[in-house]
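**Student:** Mind having a look at this structure? Questions to follow.
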Amino acid sequence: LSGWIYVSFFSWWQMPLLFFISGMSTYYGLTRKTNLSFVKERVYRLLVPLLFFMVFLFQPLAYFFPSGLSERSLSHYFLEFWPYSLQRLYLSDYTGGPRWAHMWFVAYLLIYSIVLLPIFRRYTPKVTEIHSTKKQTKVNQLGKIIIPAIPFIAIFFLLEPLYPGHRNNLYSDWSYFSYNLYAYILGYYIGPFLNFKELLHRFKPYLIILAIGLSMIIAYLKFFTENFDNLAYSFSFLGYAILYGLNTWLWFIVIIGLSSKFLNFSNKLLRYLNRASYPIYIIHFVVMVIAGHFITKMSFLPVFEFIMLIVLSFPATFICYELIKRWSLTRILFGIK
């Protein structure tokens, strides 16, 4: 249970935050790209790595993932498991959707960016307005904390009872799909204009305390309140949705605000990690699952297995990246610029 609480604490806002930042990146990208160059870049950076992962990397991940498979060998993998898995690329046994595992983020981002391109191009704020003091002072500071959270609240309240959880399968994930879609749109239209550093400074430490407090309340309601999931479309569930949506937006402000203040610099290490982050995101889960399969066979205590998993998979992932970036073909397949 403690593990689920730990993971959920971040999952409530971590991925929406990445979509929010992606929306900001799309805004700046469209200021210097044509529609055609933007679509080409999306295909190169998102579609190609996604398809490569689904055809070649999802298979070993699924093969070594904890399951009831009694036989694991090279011959069994290539002659039986891989051909069978390729026939079911569109249907994962775990999610009921395409076999893309953690690359669902890339798939969703690809869909968002292509579908919304005409709207973004038609209704794009001018670059000169980004640092407009007059524009930023029109909205009350408290309104900047509450108003952007309202669509999060509405989406969660209306759709979560119908499509609960984070299914990441596109087919029946419309609550989480819409939640992240709004985060992406919000990042495009609000991200470049809002001074997160100033907003956090004005209300610090209240925003940080409130964000942590809301996360603790949500965790209590979710994990320690009986039958809470059956309260859909009730006043109790509306209150839960308000806490959930507000919590998401508060963590956006806290994380980006703190980053603007303390991480607004660059060095060789950060530049290296910036280039490595995307291929490492693609490969890391595969490395962890394969390493975990062999580590758990040693029958150590869980805490030692956890330490060994980190010690082995962390450098192994970076070694894979160093190999990937050295050949043109693998650079293309992993979306490296």
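**Student:** Right, Val106: among the β-branched types (Val, Ile, Thr) and either free of Cβ contacts under 8 Å to residues at least 40 places away in the same chain or farther than 18 Å from Asp173 by Cα (or both) or not?
**Tutor:** The answer is no for Val106.
**Student:** Please find, among Val43, Val39, the residue that is aliphatic (A, V, I, L, M), out of contact with any helix residue (DSSP H, G or I) (no Cβ under 8 Å at 6 or more places or on another chain) and at pLDDT 95 or above.
**Tutor:** Result of the check over Val43, Val39: Val43.
Every residue, every condition in (1) hydrophobic (A, V, I, L, M, F, W, C); (2) within 20 Å of the chain's Cα centre (by Cα), yes or no:
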| residue | (1), (2) |
| --- | --- |
| Lys268 | no, no |
| Phe285 | yes, yes |
| Ala291 | yes, no |
| Ile295 | yes, no |
| Ser299 | no, no |
| Val303 | yes, no |
| Ile307 | yes, no |
| Ile310 | yes, no |
| Ile324 | yes, no |
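**Student:** Report the residue count in the range 248-264 for those that are closer than 15 Å to Tyr182 by Cα and among the polar types (S, T, N, Q).
**Tutor:** Matching residues across the range 248-264 total 1.
**Student:** While we're here: Which members of the range 34-75 meet the condition of being under 26 Å from Ile295 (Cβ atoms), surrounded by fewer than 17 Cβ atoms within 10 Å (Cβ to Cβ) and of a type in the set (Ser, Thr, Tyr)?
**Tutor:** Those that are under 26 Å from Ile295 (Cβ atoms), surrounded by fewer than 17 Cβ atoms within 10 Å (Cβ to Cβ) and of a type in the set (Ser, Thr, Tyr): Ser67, Ser70, Ser73, Ser75.
**Student:** Then there's this: Among the residues that make up the range 318-336, is at least one of them touching a residue at least 60 places away in the same chain (Cβ under 8 Å), at positive phi and either open to solvent by less than 40 Å² (accessible area, probe 1.4 Å) or hydrophobic (A, V, I, L, M, F, W, C) (or both)?
**Tutor:** Yes: the range 318-336 contains one or more residues that are touching a residue at least 60 places away in the same chain (Cβ under 8 Å), at positive phi and either open to solvent by less than 40 Å² (accessible area, probe 1.4 Å) or hydrophobic (A, V, I, L, M, F, W, C) (or both).
**Student:** While we're looking at this one, here's another question. Specify which of the listed residues (Tyr163, Tyr189, Tyr233) is within 24 Å of Met103 (Cα to Cα) and out of contact with any His (no Cβ under 9 Å at 6 or more places or on another chain).
**Tutor:** That would be Tyr163, the only listed residue that is within 24 Å of Met103 (Cα to Cα) and out of contact with any His (no Cβ under 9 Å at 6 or more places or on another chain).
**Student:** Continuing with this model, one more query. Take the range 96-143 and flag every residue that is at pLDDT 85 or above and assigned to a loop (DSSP other than H, G, I, E, B).
**Tutor:** Within the range 96-143, Pro98, Arg99, Trp100, Tyr123 meet the criteria.
**Student:** Among all residue pairs at least 6 apart or on different chains, which show Cβ distances below 6 Å where the first residue, located in the range 70-98, is free of Cβ contacts under 8 Å to residues at least 60 places away in the same chain and the second is of a type outside the set (Lys, Arg) and not in a loop (DSSP other than H, G, I, E, B)?
**Tutor:** Tyr77/Tyr63; Phe81/Tyr63; Trp82/Gln59; Ser85/Gln59; Leu89/Met54
**Student:** Got at least one residue in the range 20-29 being crowded, with 20+ Cβ neighbours inside 10 Å and farther than 30 Å from Phe193 by Cβ?
**Tutor:** no
**Student:** Residue by residue through the range 55-86, note down the ones that are at pLDDT 85 or above and assigned to a loop (DSSP other than H, G, I, E, B).
**Tutor:** Scanning the range 55-86 gives a single hit, Phe65.
**Student:** Could I ask something else about it? Contact list please: Cβ distance under 8 Å, first residue in the range 197-224 and over 17 Å from Ser259 (Cα atoms), second residue open to solvent by 100 Å² or more (accessible area, probe 1.4 Å) and not basic (Lys, Arg), pairs at least six apart or on different chains.
**Tutor:** So the pair list comes out as Phe223/Leu1; Phe223/Trp4.
**Student:** When residues of the range 5-17 are filtered for being open to solvent by 70 Å² or more (accessible area, probe 1.4 Å) and of a type outside the set (Val, Ile, Thr), how many remain?
**Tutor:** Of the residues in the range 5-17, 3 are open to solvent by 70 Å² or more (accessible area, probe 1.4 Å) and of a type outside the set (Val, Ile, Thr).
**Student:** Follow-up. Can you find, within the range 253-292, the residue that is least open to solvent (accessible area, probe 1.4 Å) among those that are among the polar types (S, T, N, Q) and not in a helix (DSSP H, G or I)?
**Tutor:** Of everything passing the filter in the range 253-292, Asn267 is least open to solvent (accessible area, probe 1.4 Å).
**Student:** Further question: Can you tell me how many residues within the range 229-252 are out of contact with any Pro (no Cβ under 7 Å at 6 or more places or on another chain), part of a helix (DSSP H, G or I) and among the hydroxyl-bearing types (Ser, Thr, Tyr)?
**Tutor:** 3
**Student:** Name every residue in the range 76-119 that is basic (Lys, Arg), more than 23 Å from Arg45 (Cβ to Cβ) and surrounded by 14 or more Cβ atoms within 10 Å (Cβ to Cβ), in order of residue number.
**Tutor:** Within the range 76-119, no residue meets the criteria.
The values are calculated or read from the model by the stated rules, or taken from the named source; none is laboratory data. Quick caveat, the model's predicted, so the values are computed rather than measured. Glycine gets a Cβ as well: all are built from the backbone with ideal geometry, and neighbour counts include every protein chain shown. What goes into the accessible areas is simple: the full protein's heavy atoms, side chains included, and nothing from ligands, DNA or RNA. Shrake-Rupley method; radii C 1.70, N 1.55, O 1.52, S 1.80 Å.
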